[in-house]
Amino acid sequence: MSLLLVLLFMLLLLWIWHSSWQRLAEEQELQAQQQLLIYRTALEAEIARFENIPRVLQSHPVLLATLAEPKDPDRVMQANLLLERIGRETGAETLYLMDAHGFTLASGNWNTPTSFIGQNYRYRPYFKDALQGSFGEFYGVGATTGVPGYFFGLPLGADSRPSGVLAVKISLLALEHSWLPSRDLLMVVDPDQIVALASRPELKFKTLIPLAPEARQRLAATRQYVPMRLEPLELGIKGQQRQWQGQDYLVSELPLPRLDWRLQLWWPSAPLSTNASLITATSGVSLAALLLLLLYWRQRRRYIRAQLKAKGELEHKVMERTSALAASNYQLERQVQERIQAEARLRSMQHELIQSNRLAALGQMAASVAHEVNQPLTALKNQSANTLMLAQRGMYPQVEESLQTMGRLVDRMARLTSQLKMFAATRRTTAGRARLQEALDNVLSWLQPKLDEQDITLCHQLDPTLYLPMELHALEQVLANLLVNSLDALADMAGGHIGLEASPVRLTLWDNGPGIDTALLDKVTEPFYSTKQLGQGLGLGLAIVRDLVEASDARLVIRQHLGGGAEFIIGWTDGQDKD
């Protein structure tokens, strides 16, 4: 009898484990489908935002003129520049124009080692579809660059007989990189069971099943994945699960309309077994506890009559304990209420402190602006009266000199107010491309007199052809603010010098001034914070530099220079456009 009960108990536990595993798998499948919907939406949005580019350029006169006169170098260069600009503005990897025979006439990467110009892509499906009058789409490895991408093709010219094809190549590498943090395996599988996109690099361009010879011949004709070997993954199958690299996975799938792709999410099944075992163990312990409780209840009934008196005494003690607990609970509620009131008072005091800080910052800014503007306004008033007197006396050379002085005073007030405007606008994107020597020459055109006046030497050995990834106007503003900051630090110092070094992704400027206190390094870039006396600046220079640098995807570091003084380092993330 006991053996039969044990057997029934084991069968019950087995049923609980299997039911729990199935329920957890269904819940995980639902979550996986929701994740796949999000991934699919992101992928389709990434592709869709580029597919209208060739439609917009389909009737562009520069491209049509290039197709009409493909041997005219001026027209070809105009087309190259147009496609390069459109690609840069839209973020497309490359745009290129092909004639009806598949030869590339113009390309946005015309000036790169992997230029498409002169290459023939008539074997690509997107070119064939476009030449037949339809909108071509294709994904594959670039025949020239070896970099995979998504291609669009659109016919140009007459609908019945196109004279050329405009193609766009976009990269999906950034989207794949966004999948990397996932512990699951996310992949895009094409109709030939080839992994086109994947969250793990070792999965990409592998096959889920061995490729048939006819499939390899078809892929070789279009060179879709050349030179990838397309080797099958070493997979094991155990029921509904797939085994890869010693781990079991369950697969959720969602179709993609484009190119008959399928989006697959492989998620580990080991947690299902662990959770199902935990549920089974909990259920088994609960059942055993319930059985013991029933046995205890039966045993207790035998003694219930003999223990009525003891029960009465126990109930009396319980009532006393309940009363004590009620008193303790009341005291605890009072303490909680007092704590809530104290927190409310603290929040009120914090709010008042924030308001006071805001008013103090506003007062400091107003005092700085008023003091800075008041002096040139007073000088401007006196100078205007002097100019009137000189004009009445006919002293016109002195009048001209006085007017120039008034103009400089107006420029001074404009620079003061422009700092506030620049500070309000520095959150825009300042990424671009500017020649450092040109920006430095523009800044020195109005700062050189002050350098000479203070007898300060500017030391640099810059490459005249060096470009930095920032707009010219923003780069000038950064250099001007940093140089003015160093000039102020070197005021009244003999033998002052400023150093400047640069590389394509790094700009460093330092001086041999008194430097910045280590405790103030994190504060000097705050708006309206200045170590100068009231009236000698608004405290916006380094705040403007920081915002301009961050708006160009760079980082500003301020530290003490090894030789004394302050050092400012601007570093950009190194990136290269690929074809």
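Exactly one residue among Asp129, Asp192 is in contact with a helix residue (DSSP H, G or I) (Cβ under 7 Å, 6 or more places away or on another chain), of a type in the set (D, E, K, R) and either more than 30 Å from Leu272 (Cβ to Cβ) or open to solvent by 20 Å² or more (accessible area, probe 1.4 Å) (or both), and that residue is Asp192. Annotation note: Cβ proximity below 7 Å between a residue of the range 163-187 that is closer than 30 Å to Ala65 by Cβ and a residue that is assigned to a strand (DSSP E or B) and charged (D, E, K, R) (sequence gap 6+ or interchain) occurs for Gly164/Asp99. Against the test of being modelled with pLDDT of 90 or more, among the aliphatic types (A, V, I, L, M) and over 22 Å from Arg161 (Cα atoms), the options Ala68, Ala45 yield a single qualifying residue, Ala45. Does Met389 fit the bill of being assigned to a helix (DSSP H, G or I), modelled with pLDDT of 75 or more, aliphatic (A, V, I, L, M) and exposed (fewer than 11 other Cβ atoms within 10 Å of the Cβ)? No, not satisfied.
Table: residues versus (1) more than 30 Å from Asp492 (Cβ to Cβ); (2) touching a residue at least 24 places away in the same chain (Cβ under 8 Å); (3) in a strand (DSSP E or B).
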residue: Ala439; (1), (2), (3): no, yes, no
residue: Trp446; (1), (2), (3): no, no, no
residue: Pro449; (1), (2), (3): no, no, no
residue: Asp452; (1), (2), (3): no, no, no
residue: Leu458; (1), (2), (3): no, yes, yes
residue: Leu462; (1), (2), (3): no, yes, no
residue: Thr465; (1), (2), (3): yes, yes, no
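Residues in the range 115-126 that are open to solvent by 20 Å² or more (accessible area, probe 1.4 Å), touching a strand residue (DSSP E or B) at 6+ places or on another chain (Cβ under 9 Å) and of a type outside the set (A, V, I, L, M, F, W, C): Ser115, Gly118, Gln119, Asn120, Arg122, Pro125. Which one is least open to solvent (accessible area, probe 1.4 Å) among residues in the range 132-164 that are among the aliphatic types (A, V, I, L, M) and within 31 Å of the chain's Cα centre (by Cα)? Ranking the candidates gives Val141 first. In the range 122-133, the residues that are in contact (Cβ under 8 Å) with a residue 40 or more places away in the chain and more than 18 Å from Gly149 (Cβ to Cβ) never reach a residue that is among the basic types (Lys, Arg) and surrounded by 18 or more Cβ atoms within 10 Å (Cβ to Cβ) with C-beta atoms less than 6 angstrom apart, at least six apart or across chains. Every condition in (1) more than 37 Å from the chain's Cα centre (by Cα); (2) modelled with pLDDT under 85; (3) of a type in the set (A, V, I, L, M, F, W, C) is met by Ala270 except one, and the failing one is (1). Residues that are modelled with pLDDT under 95, outside any strand (DSSP E or B), out of contact with any Pro (no Cβ under 8 Å at 6 or more places or on another chain) and more than 29 Å from Leu43 (Cα to Cα) are absent from the range 140-149 altogether.
Residue pairs whose Cβ atoms lie under 7 Å apart, separated by 6 or more positions or on different chains, with the first residue in the range 2-13 and touching a residue at least 40 places away in the same chain (Cβ under 8 Å) and the second assigned to a helix (DSSP H, G or I), are Leu13/Thr280; Leu13/Gly284.
Of all the numbered requirements in (1) over 20 Å from Thr145 (Cα atoms); (2) within 32 Å of the chain's Cα centre (by Cα), Pro201 misses one, and that requirement is (1).
If you filter the range 22-42 down to residues that are of a type in the set (D, E, K, R), at pLDDT below 90 and out of contact with any Ser or Thr (no Cβ under 8 Å at 6 or more places or on another chain), you find that the one that is least open to solvent (accessible area, probe 1.4 Å) is Glu27.
In the set Leu556, Leu562, which member is part of a loop (DSSP other than H, G, I, E, B), at pLDDT 75 or above and closer than 26 Å to Pro504 by Cβ?
Numbers: Leu556 fails: part of a loop (DSSP other than H, G, I, E, B).
That would be Leu562, the only listed residue that is part of a loop (DSSP other than H, G, I, E, B), at pLDDT 75 or above and closer than 26 Å to Pro504 by Cβ.
Do we have Glu176 as charged (D, E, K, R), open to solvent by less than 50 Å² (accessible area, probe 1.4 Å) and either outside any loop (DSSP other than H, G, I, E, B) or over 30 Å from Lys206 (Cβ atoms) (or both) here? Considered against the rule, which asks whether it is charged (D, E, K, R), open to solvent by less than 50 Å² (accessible area, probe 1.4 Å) and either outside any loop (DSSP other than H, G, I, E, B) or over 30 Å from Lys206 (Cβ atoms) (or both), Glu176 comes out as yes.
Taking Glu137 as the residue in question, decide whether it is part of a helix (DSSP H, G or I) and closer than 28 Å to Thr41 by Cα.
no
Among residues belonging to the range 195-210 that are within 17 Å of Leu173 (Cβ to Cβ) and not in a loop (DSSP other than H, G, I, E, B), point out the one that is most open to solvent (accessible area, probe 1.4 Å). The qualifying residue most open to solvent (accessible area, probe 1.4 Å) is Pro201.
The values are calculated or read from the model by the stated rules, or taken from the named source; none is laboratory data. Source: prediction; values computed, not measured. Every residue, glycine among them, receives a Cβ derived from its backbone with ideal geometry; neighbour counts consider all protein chains shown. Heads up: the accessible areas ignore ligands, DNA and RNA and are worked out on the full protein's heavy atoms, side chains in. Shrake-Rupley method; radii C 1.70, N 1.55, O 1.52, S 1.80 Å.
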